[in-house]
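None of the figures in this text is laboratory data; all of them are computed from the coordinates on show. For clarity, every value in this text was computed on a predicted model and none was experimentally measured. Glycine gets a Cβ as well: all are built from the backbone with ideal geometry, and neighbour counts include every protein chain shown.
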Amino acid sequence: MSNFFEKSDLSRSEAENIISETLQKCDDGELYLENSKSESILLDDNKIKNSSYNSDLGFGFRAISNEVVAYSHSNEISKNSLKQSSENLKSTLKSAKGTYNYEIPKSNKKYYENINPIEQKSLNEKIKILTDVNNYLRSKSDKIKQVTANFLGEQKSVEIIRSGGETLSDVRPLIRFNVSVMLEKNGRKETGVYGVGGRQSYDTYLKDDNWKNVCDEALRIASVNLESKPAPAGEMKVVLGPGWPAILIHEAVGHGLEGDFNRKKTSAFHNLMGQKVASEGVTIIDDGTIDNRRGSLTIDDEGTPTEKTVLIENGILKNFMQDRLNARLMKTRSTGSGRRENYRHIVLPRMRNTMMLSGNHTQEEMIKAVDKGIFAVSFGGGQVDITSGKFVFNCTEAYEIVNGKIGSPIKGATLIGDGPSILKEVSMVGNDMMMDPGIGTCGKAGQGVPVGVAQPSILINKMTVGGTKL
Amino acid sequence: MVKDQEFLKKKATYCLDLANTLGATDSSVVVKNSVSETVNFRNKKLDESNRSDDLGISITTYIGKKKSSISSSNLLNENLNILIEKCVETTKNTPEDEYNSLPDRDLLAKEVKDLDLYDDTHIENDQKINYLKKLEESASNDKKIVNTESSFTQNKSNFVLANTDGFCNGYKTSSFTASSVTVAKDEKSMERDYEYSSKCFLKDLDDADELGKLAANQTIRKLSPKKIGSEKISIIFDKRIAKGILSTFTNAISSSAISRGTSFLKDKVNQKIFSDKINIFDKPDILKGLGSRNFDSEGVRTDTLKLVDQGILKHYLIDTYNGKKLNLKSNGRCGGTSNLYFENGNISFKDLLNSNSKSLYITETIGHGSNIVTGDYSVGATGFLVENGEFKYPINEITIAGNFKDMFQNIILANDLEFKYATNSPTMLIEGMVVAGK
């Protein structure tokens, strides 16, 4: 654990006094301290293109009075700097008349080990694997024109000091390994991308030559795309494969169920609590407690232990995801979903690992049930307008379905739908739920946080596919 | 207060000297400080105040043709000592790359012109609050507006870029940004839209009243949208979307994408990729320009480039590393373009709307559907159906798709260019794109 006050002219007890004094008439608030170390090693175009290391240290001081949030952050952990922040907060909340809520739930559970993945593997070992990746892929096919592979590793230590001196802390490891391949055949170029990651050591993900599986998958996707034909345009049935395609859940309903948008009534879901928003058999949870997953957290960035939150149960909307601020204003409790990218940002209610649970259909049944449609297996990313409810996601590997059979691969296309109604169009839920490979980052209000998704195969009756073939 | 040049230069020199002592043959360093103050309003009341003071340093060390870099927000010498030692160690263990080097000395910027990028005015939070009150009053005038969120940010930044070839320069910049996001509601729908203004000088910022009114009107007109059928149709891109197409073009001509072979515009220099009427400029020396700069992120002089001349691609955007790989000289575009724009077309906005009996006017796109390897484009879109020059009704839950190779050839521009962002386009018409809807 980091000792944030070791090299500072500010002692822990002085900091506690400033915090308590600043927050005395506020409803909530805390000092958030963060020390993160991260590395990036990139192989590209046959060379180690980049090896970089970042060390980031800072604090964010937050005071909340009723709905108003005052925030100030700085890189300098010093008496002067904290006092200046305190003055900023107090000048914004001059008329605060609240009562500080000291209560915060506790838990002894931890969902990852206290390790620093960067130090667990030497630079030379990492460079060797990247070089092996390049050689392995380039020896597989002469169509390969470009290989990019990289390691991203991080250890983030956080400490939350609340008014009265209560302190909560967490050390979070995170790694990612990505491979991207570009193929060329008869002048046509296509790419394939795949990666793995989570909150464990590099070796957990790379052992037994598992890196080769990552390479093979990227190459397989690129090869499929090389044979793809233009995607169709218009409304049709869509079968989604298990795992990563759950980006659909994340975009279509996840963001719309975050507490802030519902408190402000700007989400298309704000007046649908307790109502049917999905087909029977559809259950969606947001879970921060799965061991070592990318979206898991022992405590959130306000110090609340994370949990498994049921969002939609058998088609009925049950819960929103809450941080402390929105929970208090909506008279409910925090679900341990208060997150921030780093100390530069305010806390917002965010997703962790968002998952649709298994049903009892098979993927074969779904394909057979489609006369004309598409089967989407892999995705690039998505986006949502939470107010209108319209969301998109971009497929990077998809096939046409003709008369109950999988046909030719089709080019990447954007799929668009309506969040509050799309899950009512789910007519079959598969028995093959799968987690994503651990590479997702979710963006909201300019803040990126690591998240996970999971789902079984599903059949959607009607979605608009944004291809070019009419 | 933002840190002064003297402080930043002292830190930069300290790092270069230390790297040299520890065995680096060359090195470069950037030291930055940025101080921002933001006030947010929601439904005519104070919602958030936010002050940020960000320090940052990034150092790249070279040992011959080996290179590595570090960055940190902790500028205490004690921390820098540890990090620079680590950086030099890592450099020793990183394989050589023949193209690694500092920029050519003769390309480095010799003088720093005053481009009028810094306004010393400090706007107190109380004044920001007055502006936002006025803005939100105007934005929430109509009963259909059910939520307003507005924001005012003042940012002051300063930086120094230095390298062991004697380059050591930097300057202050400022920005004042106001924005308003409104939500409108009727029986059938709820919609969101926005307006914003960002300027180097406080006095140039748009009027609060005007900004609020625009945000509200742009949202209200989107209410009760319809979904249309799938068809081939002409698309008119609002200026705020058209500039995104220009950005995709610049991604595709970046020397990194070109040297890696991952761009559909590779080997297209001196070829016609747009129609004859299209000219594209990147002009770094516009006074008060949002993208203006004296040199690029390596210290290389930046001159105005006519990237596209009568439809013909004239330049890639070249940095030192990829330039050496492509056997071309850096044209000062490490870190991208400056003030980039399409020159005006020769028809009015009204004539552009009238040029087809039926078209779609797009005001927002969602999704990351631009592929610069293949040129394929497919995104979710929101907008209006235009018939015989008139806006008929709002449209959503559709996608628009095409391939940039064809789209570029079919661009027709109106004559309504304005410099609102760093990258700007007049209203743009592209014929023959595919809409997917019902």
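What the Cβ-Cβ distance of B:K272 and B:N327 gives, at R0 = 22 Å and to the nearest 0.05, is a FRET efficiency of 0.40.
Would you mind getting me the FRET efficiency between B:D116 and B:K306? Use the beta-carbon distance for r and R0 = 30 Å, nearest 0.05.
Details: r = 24 Å, r/R0 = 0.79.
So, using R0 = 30 Å, E works out to roughly 0.80.
Considering only B:N93, B:A422, B:V308, and ranking their Cα positions along the charge dipole of the protein assembly as shown that arises from unit charges at the beta-carbon of Lys, Arg, Asp and Glu, the one farthest toward the positive end is B:V308. Residues of the range A:193-227 falling in the label zone of A:K128, defined by backbone nitrogen less than 20 Å from a point 7 Å along Cα to beta-carbon, are A:201-215.
FRET efficiency for B:L223 and B:K44, Cβ-Cβ distance as r, R0 = 25 Å, nearest 0.05? Don't jump to the answer; show the numbers that get you there.
Values: r = 21 Å, r/R0 = 0.86.
It comes out at approximately 0.70.
The distance between label points at B:N130 and B:D4 comes to 3.0 nm (points 7 Å beyond Cα on the Cα→Cβ vector). Measuring from centroid to centroid over Cα atoms, what is the spacing of the range B:89-155 and the range B:264-324 in Å? What the calculation gives is 22 Å, centre to centre.
Working from Cα positions, state the angle (0 to 90°, nearest 10) between the long axis of helix A:12-22 and the longest principal axis of chain A. Once rounded, one gets 90 degrees. Out of the GluC sites (Glu not before Pro) in the range A:264-369, which ones are loop residues according to DSSP with at most 13 other C-beta atoms within 10 Å? Of the GluC sites (Glu not before Pro), the ones in loops of the range A:264-369 whose Cβ has at most 13 other Cβ atoms within 10 Å are A:E280.
The charge dipole of the protein assembly as shown, taken about its Cα centre with unit charges on the Cβ atoms of Lys, Arg (+1), Asp and Glu (-1) only, comes to about 1160 debye.
Only helical DSSP H runs with n ≥ 4 go in: add -39500 (n - 2.57) per run for chain B, normalise by residue count and round the 222 nm mean residue ellipticity to 500 deg cm²/dmol. Display every interim value, and only then the final one.
Working: 9 runs with 101 residues, N = 438.
Calculated at 222 nm, the ellipticity per residue is -7000 deg cm²/dmol.
For B:D26, the amide hydrogen comes within under 5 Å of the amide hydrogens of B:Y62, B:G64, counting only partners 5 or more places away or on other chains and with H modelled in the peptide plane. Full extension of the chain between B:E343 and B:K232 yields a length gain of 37.2 nm, computed as 0.36 nm times the residue separation minus the alpha carbon distance. Bridging of B:K226 to aspartates and glutamates at a Cα separation below 13 Å is possible for A:D418, B:E191, B:E397, once same-chain residues fewer than 8 apart are set aside.
So how tilted is helix B:77-93 from the main axis of chain B? Cα-based, degrees 0 to 90, rounded to 10. Roughly 90 degrees between the two axes.
Starting from the Cα of A:K97, move 7 Å in the Cα-to-Cβ direction to define the label point; list residues of the range A:14-50 whose amide nitrogen is under 15 Å from there. Residues A:25-27 qualify, since their backbone N sits under 15 Å from the label point.
Can you work out the PRE-style zone for A:K140? Point 7 Å along Cα to Cβ, and I want the residues of the range A:179-200 with backbone N under 13 Å. Backbone N within reach: A:179-183, A:192-195. Rounded to the nearest Hz, the phi-derived 3J(HN,Hα) couplings of the range B:199-213 under the Karplus curve 6.51 cos²θ - 1.76 cosθ + 1.60 (θ = phi - 60°) are 9, 6, 10, 4, 5, 8, 4, 4, 4, 4, 4, 5, 4, x, 4, where x marks glycine and proline.
Counted by Cβ distance under 11 Å from B:I312, the other residues give a net charge of +2, where Lys and Arg count +1 and Asp and Glu count -1. Specify the angular offset, from 0 to 90 degrees and rounded to the nearest 10, of the alpha carbon long axis of helix B:5-21 from the longest principal axis of the alpha carbons in chain B. That works out to roughly 50 degrees. Placing pseudo-labels 7 Å out from each Cα toward the beta carbon at A:N80 and B:E387 gives an inter-label distance of 6.8 nm.
Shape verdict for the protein assembly as shown, please, from the Cα gyration tensor: rounded (a/c under 1.5), prolate (a/b greater than b/c) or oblate. It comes out rounded by the Cα gyration axes.
Close Lys pairs in the range B:30-111 (alpha-carbon distance under 14 Å; sequence gap of 8 or more, or different chains): 4. Projecting the Cα positions of A:I386, A:P420, A:A454 onto the charge dipole of the range A:337-470 (unit charges on Cβ atoms of Lys, Arg, Asp and Glu, taken about the Cα centre) puts A:I386 furthest along the positive direction.
Would you mind giving the mean number of other chain beta-carbons within 10 Å of the Cβ of each residue in B:219-230, as a whole number? Present the calculation step by step, with values, prior to reporting the outcome.
Numbers: counts 1, 0, 0, 2, 0, 0, 2, 0, 4, 0, 3, 10.
Averaged over the peptide's residues, the number is 2.
The mean count of C-beta atoms from other chains within 10 Å of the C-beta of residues in B:63-73, rounded to a whole number, is 5. Averaged over the residues of peptide A:225-232, the number of Cβ atoms from other protein chains lying within 10 Å of each residue's Cβ is 2. Cross-linked pairs A:K372/A:K424; B:K188/B:K358; B:K392/B:K438: Cα-Cα separations exceed 22 Å for B:K188/B:K358.
Residue pairs exceeding 31 angstrom between C-alpha atoms, taken from A:K207/B:K325; A:K49/A:K121; A:K265/B:K288: A:K207/B:K325; A:K265/B:K288.
How do A:443-449, A:74-80, B:140-146 rank on mean C-beta neighbours within 10 Å, highest first? Could you put the intermediate results ahead of the total?
On the way: A:443-449: 14.1, A:74-80: 18.7, B:140-146: 15.7.
With the highest mean Cβ count within 10 Å placed first, the list reads A:74-80, B:140-146, A:443-449.
If I take every Cα pair under 8 Å that is 6 or more residues apart in the range A:194-291, average their sequence separation and divide by the length, what percent do I get for the relative contact order? If you can, show how the numbers build up before the last one.
Details: 22 pairs, mean separation 12.2, N = 98.
So the answer I get is 12 percent.
With the simple spin-label model, which puts each label point 7 Å out from Cα in the Cβ direction, the A:S40 to B:K438 separation comes to 4.7 nm.
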